[in-house]
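J.: The following block contains the structure, expressed as structure tokens.
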Amino acid sequence: QVQLVESGGGLVQAGGSLRLSCAASGRTFSRYVIGWFRQAPGKEREFVAAITGSAGRTYYADSVKGRFTISRDNAKNTVYLQMNSLKPEDTAVYYCAADLAYGSRPFTYDYWGQGTQVTVSS
């Protein structure tokens, strides 16, 4: 069992930055792939980025490559999503999710946080 809690969302102007955090419970955190997804009103939940367990291999959606950086601190059971050069189209509820295997589809992940709102004004 893994419990996830996101934080760090908020309102920011276009071009600004935010750092989201995903804090996890559980002693086996380092085994889990952690993914970030987002969902805008009226749209499907979409993949943003993911990071594997101990190796820390990273994956990004094309829409955020070069602007977002995912990282993890296994000692703190936390994954971060640094978001730079934010655009209005990045506005969404951001969720972190955990699973033992990597995937870019939401159904891959068994555990989900409650989400944090990110709003980018133009």
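J.: Between residues in the stretch 1-25 that are closer than 17 Å to Ile51 by Cβ and modelled with pLDDT of 95 or more and residues that are open to solvent by 50 Å² or more (accessible area, probe 1.4 Å) and part of a strand (DSSP E or B), which pairs lie under 7 Å by C-beta distance while being six or more apart or on different chains?
T.: From the stretch 1-25, the pairs are Leu4/Tyr111; Leu4/Trp112; Gly8/Arg19; Arg19/Gln82; Ser21/Ser7; Ala23/Val5.
J.: What strands (runs of 3 or more DSSP E) lie completely within the stretch 1-116 and have 1 or more residues being touching a Leu at 6+ places or on another chain (Cβ under 9 Å)?
T.: Fully inside the stretch 1-116 and qualifying: 4-7, 10-13, 18-24, 33-39, 46-51, 68-73, 78-83, 92-99.
J.: Another question, if that's okay. Has the stretch 109-122 got at least one residue that is in contact with a Phe, Trp or Tyr (Cβ under 8 Å, 6 or more places away or on another chain) and of a type in the set (Gly, Ala, Ser)?
T.: Within the stretch 109-122, one or more residues are in contact with a Phe, Trp or Tyr (Cβ under 8 Å, 6 or more places away or on another chain) and of a type in the set (Gly, Ala, Ser).
J.: When you scan the stretch 75-92, how many residues do you find that are open to solvent by 20 Å² or more (accessible area, probe 1.4 Å) and in contact (Cβ under 8 Å) with a residue 60 or more places away in the chain? Break it down stepwise before answering.
T.: Going through the stretch 75-92, the residues open to solvent by 20 Å² or more (accessible area, probe 1.4 Å) turn out to be 75-77, 80, 82, 84-85, 87-89, 91.
Those left that are additionally in contact (Cβ under 8 Å) with a residue 60 or more places away in the chain: 80, 82, 84-85, 87-88.
Summing the residues that are open to solvent by 20 Å² or more (accessible area, probe 1.4 Å) and in contact (Cβ under 8 Å) with a residue 60 or more places away in the chain in the stretch 75-92 gives 6.
J.: Checking Pro41 against (1) in contact (Cβ under 8 Å) with a residue 12 or more places away in the chain; (2) surrounded by fewer than 16 Cβ atoms within 10 Å (Cβ to Cβ), which single condition isn't satisfied?
T.: Tallying (1) in contact (Cβ under 8 Å) with a residue 12 or more places away in the chain; (2) surrounded by fewer than 16 Cβ atoms within 10 Å (Cβ to Cβ), Pro41 fails exactly one: (1).
The values are calculated or read from the model by the stated rules, or taken from the named source; none is laboratory data. This one's a predicted model, so the numbers in the text were calculated from it and none came from an experiment. Backbone-built Cβ (ideal geometry, glycine too); neighbour counts: all protein chains shown. Remember, those area values only see protein heavy atoms, side chains included, never the ligands or the DNA or RNA. Shrake-Rupley method; radii C 1.70, N 1.55, O 1.52, S 1.80 Å.
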